[in-house]
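Structure first, then comments.
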Amino acid sequence: MLSFSKRVQPRDVLFIAIGAFSTTALLYFTNGGLDVHATKHSVPFTHSEELESGFYEDWSSFEPSLPVRLPEDSYAEPSTVAPTEKDSSSLNNTAVIQEKTELLPKTRVLSHAPGWTLFENLYMSNGTLFIVTGEEGDADSKEQVTKEGWENGYPLRRMMTSPGQWGYATEESIREREPTDKDMMFITKSEAKKRWVNQVWEVEGHTWLYNDPNQFLGHFYHFVAESLVGFWAMHAGTLDSLITARGETTAPLPSRAIFLRCTPSDIRDSSHFNSYYMHAAFPSISLETSANWDDRVFMTRRGDKVFKFSYALLGDRSASFRGRICGSQNQRIAAEARRVVEDRTTRWWWEPIRRAVLRHANVPEDIVDMPVTSVASFDTGIELSEPKKAFPIVITYINRQGGRRCLRGEDHEVLVRELSQLVQRRGWEFHDVKAQRLTQEEQLTMAARTTVLVGVHGNGLSHLLSMAPTQLSTVIEIFGLGGFMHDYEWTARELGHKYYGIHNDTTFEHPNLPEVAVPESFQSSSIPVQGSLVARLIEKRLDEFMSLLG
């Protein structure tokens, strides 16, 4: 909801009415609203072909060799202690939510990691994001306003934002993506009052500001398993430290996501999972794109009016790559967000999203609840009225044959034969899956039932997002010789699954991982693998846990 001060000049009434009507007519979706003082709830639920960008792997070489210099407090822990069990049903008793008693309150950073900054009271006028600081010398504020970033209170500007351009691992591209005053400015409250007087329109609820270009957006893994995972990690990790094994959370759901640099077609990947996850996880969310953002810019083009976002999480890929973890270690933007909240969240932080998506796909509730009711479940802290169940062991092989980056023909046949013989001997299930031949609901049901997910590096392994995290859940990724990337390795471990990588006849796991490399063999359509090795690895992995059950 947008609100404005009562002290509007008469001459502006007609302009405001025309502007509001024009903006409404152009909106693709109606903005949703959500009370930030949410009670504990489960995320609401209601009842292709694989896209490979062809160049997304090149991001692995993006800036990691550059020297990274960060101040010690570039990572800012959430500005609240974890809610206690007594007050976990509401955020009213924490320091996160600030009472709104003035028209132009100071901007607060609730949590920050490179490329992920959760703000209270973030301002936008004429396309520039403004951080309103206290006055120099104020008793309650030590912020020093500087052109290049922060001192004593705010992160460096370059660690929060960028111009949102496509990124390449070249010096020219790196320079072009450094932010300027056009992207973000720091101003004092007195200067803000001079600029905007009382022309402040509040955008209520929680907003995700997606400041990336369309370079990686049209890809299931890069949007859902990177951007959405990073958003939810920072958002929920800051606002709720007690997410339960059944996905119950007090974290308010986002009211809107604004894709500043992208069109509606950019958001929709060919597998349709980008929009599927967004609308299943957040049923009331409004999705705005560059045209909607341009409308907001146009309405504030003279600089004398401003939109104030009550709560905004700004995500920026280029800024993430300036961080230590993403830029120098694993090239995963979500890793920066998880780094700052992981010590205060439960292992179940992804469950609200996983469960909402599976329920929308009509996955049976006993399968959805597997992390709680399985004999292989982790300690959930939930008392059950019935004994835990032994669910079927399901091995799913994502079959990429006939496309780019796949197994050598004879090795594929041996792998399928070895896995088929294994499950026949052990009484397990095996599925040889061409994901693009299944509906989205069939793919999600398949993933939810899967114990072990096997496949060559590629988009199909993104379905690990829907696997039940248990002491048996496992992801096995096959690479071309000499190749390795952290995409599914990092994601699998963060979501609670055991991970193994394979180079033909050699296996590896965290922390003993190869160096990131994308040799010519990485994209080969004749990748070698020993099928018998994969079968033995799976059997050993599962037997190690099941032997403990007696």
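The values are calculated or read from the model by the stated rules, or taken from the named source; none is laboratory data. Only a predicted model underlies this, so the values are computations on that prediction, with no experimental measurement involved. With ideal geometry, Cβ positions are generated from the backbone for all residues, glycine too; neighbour counts draw on all protein chains shown. For the accessible areas, the whole protein counts, side chains as well, though only heavy atoms, and no ligand, DNA or RNA atoms are used. Shrake-Rupley method; radii C 1.70, N 1.55, O 1.52, S 1.80 Å.
Taking N as the number of residues in the stretch 345-461, what is its Cα Rg relative to 2.2 N^0.38 Å?
The reported ratio for this selection is 1.20.
Accessible surface for the stretch 264-366, divided over its residues, is 29 Å² per residue with a 1.4 Å probe.
Just subtract the alpha-carbon distance of SER173 and VAL197 from 0.36 nm times their residue separation and send over the number in nm, one decimal. Write down the numbers at each step before the final one.
On the way: separation 24, 0.36 × 24 = 8.64 nm, distance 3.83 nm.
Additional length available on full extension: 4.8 nm.
Rg over Rh for the stretch 509-550 works out to 1.15, both radii taken from alpha-carbon positions and Rh defined as the Kirkwood radius.
Take each peptide in 258-267, 391-400, count the other Cβ atoms within 10 Å of every residue, and average; sorted highest first, the result is 391-400, 258-267. Rounded to the nearest 0.05, the FRET efficiency derived from the C-beta distance between GLU102 and THR439 at R0 = 45 Å is 0.30.
Work out, in µm²/s and without decimals, the Stokes-Einstein translational diffusion coefficient of the stretch 252-329 at 37 °C, 0.692 mPa s, Rh from Kirkwood over C-alpha pairs. All intermediate terms of the calculation are to be shown ahead of the outcome.
Details: Rh = 14.9 Å.
Stokes-Einstein gives a translational diffusion coefficient of 221 µm²/s.
Just the protein heavy atoms count here, and of the accessible area of the stretch 315-468 at 1.4 Å, carbon and sulfur take up 45 percent.
Residue ranges 235-247, 109-121, 527-539, 183-195 sort as 109-121, 235-247, 527-539, 183-195 when ordered by packing (mean number of other C-beta atoms within 10 Å per residue, highest first). Listed values for the stretch 252-268 are Karplus-derived 3J(HN,Hα) couplings in whole Hz (6.51 cos²θ - 1.76 cosθ + 1.60, θ = phi - 60°), namely x, 6, x, 7, 7, 10, 10, 8, 4, 10, 10, 9, x, 5, 5, 6, 8, and x replaces Gly and Pro. In this simple spin-label model, placing a label point 7 Å from the Cα along the Cα-to-Cβ direction at both ALA291 and ASN504 gives a separation of 5.3 nm. Among 419-428, 361-370, 511-520, sorting by the average number of other beta carbon atoms lying within 10 angstrom of each residue, highest first, gives 361-370, 419-428, 511-520. Where in the stretch 422-453 does the amide nitrogen come within less than 18 Å of the point 7 Å from the Cα of LYS388, taken along Cα to Cβ? Residues 449-452 qualify, since their backbone N sits under 18 Å from the label point.
Work out, step by step, the length gained on full extension between THR263 and GLU515: first 0.36 nm times the residue separation, then minus their alpha carbon distance; give nm to one decimal.
Numbers: separation 252, 0.36 × 252 = 90.72 nm, distance 3.60 nm.
That pair, THR263 and GLU515, stretches by 87.1 nm at full extension.
Each label point was placed 7 Å from the Cα along the Cα-to-Cβ direction; for ARG324 and GLN421 their separation is 4.9 nm. Heavy atoms of the protein chains alone define the surface here; on that basis the stretch 395-498 has 31 Å² accessible area per residue at 1.4 Å probe size.
Stokes-Einstein at 25 °C, 0.890 mPa s, Kirkwood radius from Cα pairs: D for the stretch 408-504 in µm² s⁻¹?
Details: Rh = 14.2 Å.
Translational diffusion coefficient: 173 µm²/s.
Computing FRET efficiency as 1/(1 + (r/R0)^6) for THR380 and SER275, where r is the C-beta to C-beta distance and R0 is 41 Å, gives about 0.85. Counting only DSSP beta bridges with both residues in the stretch 390-517, tell me the antiparallel percent, nearest 5. The answer is about 20 percent antiparallel.
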